[in-house]
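*Asks:* Pasting in a structure now, in structure tokens, and then I'll have a few things to ask.
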Amino acid sequence: MSQPEHHDAPSHQAMTYADCRSADATVAGDAARDALRYLALLEAGGGLIWQADADGRIRAVPAVGHVGRAAISLMQGHGWLALFHPDDRFRFLLQAGRARRVGRAFEGRWRIGIPAGFWRWHRIRVVPLMNEDGRIHEWVGNALDIHERYLAEGQIAGSEARLRLALSAARMVAWEYDPEAGKSSRTDNSWTILGVAPDDFNGYIENMHPDDRAVFHAAYVKGGSMRVPELRYRHPDGRLLWLSSRGLERRDADGGRRIIGVTYDITDRKAAEEEAWRAANHDALTGLPNRACFLASLHQSVENNRNGGGGVALALLDYLDFKALDAALGHEGADALLRRTGVRLREKLGRDDVVARIGGDEFGVFLADAASAEEAIGVAQALAEALAEDIYQADHILTARVCVGLAWSSRREAEGETLFRHAQTALHAAKQSARRGAASIQLFDQELAQGVARRVGMAAQITRALAGHEIIPYYQPKIDLDSGLVCGFEALARWRHPERGVLTPAVFGSAFDMPELARDIGREMARQVLDDLRGWIDAGLAAGPVALNLAAADFGEGGLAWALPDMLVERAIPARYCAVEVTERVFLGEGGGAVAGALTYLDRAGIRIALDDFGTGYASLVHLKQFPVSEIKIDRSFIQNLETDAEDAAIVAALLGLARALSLDVTAEGVETEAQAAFLRDHHCEMAQGFLLGKPMGRECASALLTRQALDRSVSHRRKRVIDAATPGPVQPLLAGQG
């Protein structure tokens with residue numbers, strides 16, 4: 001047998017040179033691949049890596065990040081400085097210099113430019129490499145692009161800053177509350193707004209008003225959304241705050257409850273609400289409740305005490321002729337009187353009674369305990385006496401008188417609105433009574449109720465009468481006492497009733513107390529009077545000025561006073577043919593403030609203005625000075641006793657002298673005897689009216705009178721005298737059979 005061949009097996013303990021070279025190459029390859037992977041990872045993350053010598057000259061840029069490879073050549077040496085934002089370059093060099101001196105690494109955030117022309121924020125870290133002797137021989141650095149994160153952090157920081165500012169501006173505290181643990185944490189402004197530490201929950205609760213703590217706890221144990229609309233809170237510095245709190249519940253991963261919400265200071269809002277409520281419900285001048293608040297209190301009091309015994313009463317108080325007091329005292333004096341009234345009423349009333357200023361000079365008093373109507377009348381009399389006073393002016397004394405309208409009801413039957421309505425009716429009656437010199441306190445009763453019903457019924461009848469053209473003018477002539485000729489007419493309203501004949505305002509005068517009806521009557525009267533006047537002018541008849549009586553309602557918006565000039569223009573009637581008569585009640589009634597402007601408007605249009613019933617009013621001389629009056633009409637109350645009453649004769653003589661001094665025309669009213677006419681003529685009174693001279697007459701009679709006067713003048717070719725100046729006689733021939 002042949003012997004087998006022997007081969008040496010490879011040894012694991014020794015390697016050939018080639019094997020060693022192969023192994024080194026493998027290790028180097030792995031390291032190179034690791035380095036490439038690292039560089040690729042840096043590239044993917046936007047990283048920039050560089051190596052620089054001890055003086056900061058860049059020698060190598062292994063990874064360029066967002067800067068791009070095109071910028072490598074720019075970065076060599078000290079070219080890298082150009083990549084820094086101009087505002088950041090100095091800060092970087094300053095920090096690098098400090099790191100060089102101490103031999104330490106440094107880090108920061110700076111903006112680096114990229115080829116696209118944008119600046120991007122990078123986090124840059126630079127590390128020094130030291131020799132054995134401790135000197136820096138090389139710098140290694142990297143820059144990681146953090147632009148998006150930096151902007152996001154900036155937005156978050158800005159949002160947080162704005163939130164803190166908003167919370168402070170709105171006086172709000174944000175919080176998180178753990179209801180199981182009874183712990184909370186609040187934003188730092190808790191110190192400023194609440195006066196307690198952000199984590200001091202017990203202190204927060206202790207500062208709440210005791211009555212509000214239960215409300216707070218009840219709201220925050222129910223789950224879901226929680227809200228405490230308002231609670232009282234005593235700040236440690238002593239201030240009482242009003243707070244409002246609301247929150248929403250969320251659950252943690254372990255199921256624990258967390259309530260996140262806000263608490264905000266609503267003290268200013270509560271103060272504003274209180275002020276707004278007070279302004280809306282109280283009178284600024286007197287501090288008393290106003291009409292709306294008074295009615296609400298009245299209704300609530302009546303409802304709350306309906307089951308009790310006894311009764312309640314409501315009194316409305318109003319000064320008689322307050323407009324005259326206002327004119328005499330001036331606004332400051334009148335305001336002082338109203339303030340004094342509020343004080344006196346409060347002093348005279350019980351704690352449960354309510355006093356209010358209803359409006360203007362009208363006050364309301366609710367008597368919560370009035371056993372009977374007689375007792376309520378006694379209280380009303382005491383109040384009226386307390387308010388009545390003499391006010392001493394420099395040269396005269398003013399008397400302030402109060403009218404009272406009273407309504408009483410048992411508690412069981414009381415109705416707030418009904419009481420107020422009845423008191424208003426009683427007050428209206430009391431004022432009318434006081435102006436006649438009678439009682440100034442009126443209790444609402446069935447007779448008054450019937451009077452109201454009659455007025456309502458009369459209003460309905462007058463409305464139908466206006467629609468049927470049944471309201472017509474009657475003309476009472478004004479006579480020139482020197483010549484006996486008709487020098488004008490006063491137009492008086494009459495109702496031509498289809499069944500009862502011609503009725504005077506004694507029957508339907510209550511219609512003039514209703515503003516809307518009064519305006520309608522005034523318009524209808526003016527329309528017919530001006531049509532008649534146009535006819536007389538066309539017929540060549542000397543009608544003289546025809547006077548229309550204006551009621552208070554005629555001076556309001558859309559009233560006759562404002563429409564009359566246009567009505568004259570429409571009919572081409574010269575303004576000298578028209579006049580208006582106004583009583584002082586118009587100046588002193590509601591809406592009297594509009595009278596001055598309307599009279600000025602009429603005066604500028606050329607329409608004469610006469611002050612009727614002169615001498616009977618409260619401030620007649622004041623009105624002569626304030627308003628453009630052309631004529632005064634002496635009231636019949638001074639004329640009727642002229643022959644027997646020396647005082648009346650002296651007053652009439654004085655009024656005539658006053659009129660001459662002020663260059664005013666004068667008409668005497670109510671002349672019924674020859675002796676009265678003679679006295680007036682002797683004292684140079686120019687014109688007169690009365691049954692002696694001519695009764696009110698319809699348009700046909702007035703036309704006939706004017707026609708007869710024109711014929712007589714034409715025949716005589718001179719002015720016909722009704723009363724001979726040398727031998728005074730009856731003033732009747734011209735007017736015989738008229739009326």
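The values are calculated or read from the model by the stated rules, or taken from the named source; none is laboratory data. These figures come from a predicted structure and were not determined experimentally. So basically every Cβ, Gly included, is an ideal-geometry build from the backbone, and we count neighbours across all protein chains shown. For accessibility, only protein heavy atoms count, side chains too; no ligands or nucleic acids. Shrake-Rupley method; radii C 1.70, N 1.55, O 1.52, S 1.80 Å.
*Asks:* Give the accessible area for GLU303 in Å² (nearest 10); use a 1.4 Å probe, count only protein heavy atoms, and leave out ligands, DNA and RNA.
*Replies:* 80
*Asks:* Just report the Cα centroid separation between segment 303-362 and segment 440-459, whole Å.
*Replies:* So the two Cα centres are separated by 23 Å.
*Asks:* Another question, then. Which whole-number value in Å³ per residue fits the convex hull of the alpha carbons of segment 347-434?
*Replies:* Enclosed volume per residue, from the Cα hull, is 113 Å³.
*Asks:* Would you mind classifying segment 420-481 by shape? Square roots of the alpha carbon gyration tensor eigenvalues, ordered a ≥ b ≥ c; an a/c under 1.5 is rounded, otherwise it is prolate if a/b is larger than b/c and oblate if not.
*Replies:* Details: a/c = 4.31, a/b = 1.45, b/c = 2.96.
Oblate.
*Asks:* What is the magnitude of the charge dipole of segment 349-488 about its Cα centre, with +1 placed on the Cβ of each Lys and Arg, -1 on the Cβ of each Asp and Glu, and no other charges, expressed in debye to the nearest 20? Before the final figure, lay out each step's value.
*Replies:* Details: 13 positive and 19 negative charges, 110 e Å.
Taking the Cα centre of segment 349-488 as origin, the dipole is about 520 debye.
*Asks:* Determine the sum of side-chain charges near LEU151: Lys and Arg each +1, Asp and Glu each -1, restricted to other residues whose C-beta is under 14 angstrom from that of LEU151.
*Replies:* Values: positive: ARG109, ARG111, ARG120, ARG123, ARG149; negative: ASP145, GLU148, GLU153.
Here the count lands on +2.
*Asks:* Would you rank ARG306, ARG257, ARG412 by solvent-accessible area, highest first, keeping every protein chain in place and using a 1.4 Å probe? Write down the numbers at each step before the final one.
*Replies:* Working: ARG306 50, ARG257 25, ARG412 160 Å².
Result, largest first: ARG412, ARG306, ARG257.
*Asks:* With a cut-off of 12 Å, note down the residues of segment 658-675 whose backbone N falls inside the zone around a label point 7 Å from the Cα of ASP682 toward its beta carbon.
*Replies:* 675
*Asks:* At ALA596 and GLU230, where each label point lies 7 Å from the Cα along Cα→Cβ, what is the point-to-point distance in nanometres?
*Replies:* 4.3
*Asks:* Just to verify a number: FRET efficiency for VAL215 and ARG239, C-beta to C-beta distance, R0 = 35 Å, to 0.05?
*Replies:* Details: r = 21 Å, r/R0 = 0.59.
E between VAL215 and ARG239, to the nearest 0.05, is 0.95.
*Asks:* For ALA386 and GLN450 in the same chain, what is the full-extension length gain: residue separation times 0.36 nm, less their Cα-Cα distance, in nm? Each step should come with its number before you reach the end.
*Replies:* Values: separation 64, 0.36 × 64 = 23.04 nm, distance 3.16 nm.
Taking ALA386 through GLN450 to full extension adds about 19.9 nm, to one decimal.
*Asks:* What is segment 244-322 by shape, rounded, prolate or oblate, if you read a ≥ b ≥ c off the alpha carbon gyration tensor as root eigenvalues and call it rounded for a/c under 1.5, prolate for a/b larger than b/c, and oblate otherwise?
*Replies:* On the way: a/c = 7.77, a/b = 2.24, b/c = 3.47.
It comes out oblate by the Cα gyration axes.
*Asks:* Let me ask something additional. Tell me, what is the FRET efficiency for ASP665 and GLU347 to the nearest 0.05, using R0 = 45 angstrom and their Cβ-Cβ distance as r?
*Replies:* On the way: r = 51 Å, r/R0 = 1.14.
The pair ASP665/GLU347 has a calculated efficiency of 0.30.
*Asks:* I've got another one for you. Roll a 1.4 Å probe over the protein heavy atoms and report the accessible area of ARG149 in Å², nearest 10.
*Replies:* Approximately 130 Å² for this residue.
*Asks:* Using a 1.4 angstrom probe on heavy atoms only, work out the carbon and sulfur share of the accessible area of segment 200-313 in %. Walk me through the intermediate numbers first.
*Replies:* Values: 3190 of 6250 Å².
Looking at segment 200-313 in its full context, I get 51 percent from C and S.
*Asks:* Need one number: nm distance between label points at LEU285 and LEU624, each 7 Å from Cα along Cα→Cβ, rounded to one decimal.
*Replies:* 3.0
*Asks:* Something else about it: I'd like the FRET efficiency for ASP188 and VAL127, computed as 1/(1 + (r/R0)^6) with the beta carbon distance as r and R0 of 45 Å, rounded to 0.05.
*Replies:* On the way: r = 39 Å, r/R0 = 0.86.
Once the sixth-power term is evaluated, E becomes 0.70.
*Asks:* Taking only protein heavy atoms into account and a 1.4 Å probe, give the accessible area per residue of segment 190-300 in Å². The partial results should precede the final answer.
*Replies:* On the way: 6080 Å² over 111 residues.
Per residue, segment 190-300 has 55 Å² of solvent-accessible surface.
*Asks:* Just the Cα atoms of segment 486-557: what Rg and Dmax do they give in Å?
*Replies:* 13.8, 39
*Asks:* Moving to a separate point now. Considering only protein heavy atoms, with the full assembly of protein chains and a 1.4 angstrom probe, order CYS487, CYS685 by accessible area, largest first. Before the final figure, lay out the partial values.
*Replies:* Values: CYS487 40, CYS685 10 Å².
Accessible-area ranking of CYS487, CYS685, largest first: CYS487, CYS685.
*Asks:* Between beta-carbons, use under 9 Å as the cut-off and find the net charge around ARG258, counting Lys and Arg +1, Asp and Glu -1. Present the calculation step by step, with values, prior to reporting the outcome.
*Replies:* Details: positive: ARG250, ARG251, ARG257; negative: GLU176, ASP178, GLU249, ASP252.
For residues surrounding ARG258, the net value is -1.
*Asks:* Roughly speaking, to the nearest percent, how much of segment 622-677's 1.4 Å accessible area is carbon and sulfur?
*Replies:* 51
*Asks:* Something else: Ranked by accessible surface with a 1.4 Å probe, highest first, in what order do TYR392, TYR577, TYR319 come? Please report the intermediate quantities before stating the final value.
*Replies:* Working: TYR392 160, TYR577 50, TYR319 10 Å².
Sorted descending by solvent-accessible area, the residues read TYR392, TYR577, TYR319.
*Asks:* I'd like the accessible area for THR644, computed on protein heavy atoms only with a 1.4 Å probe and all protein chains in place. Round to 10 Å², please.
*Replies:* 120
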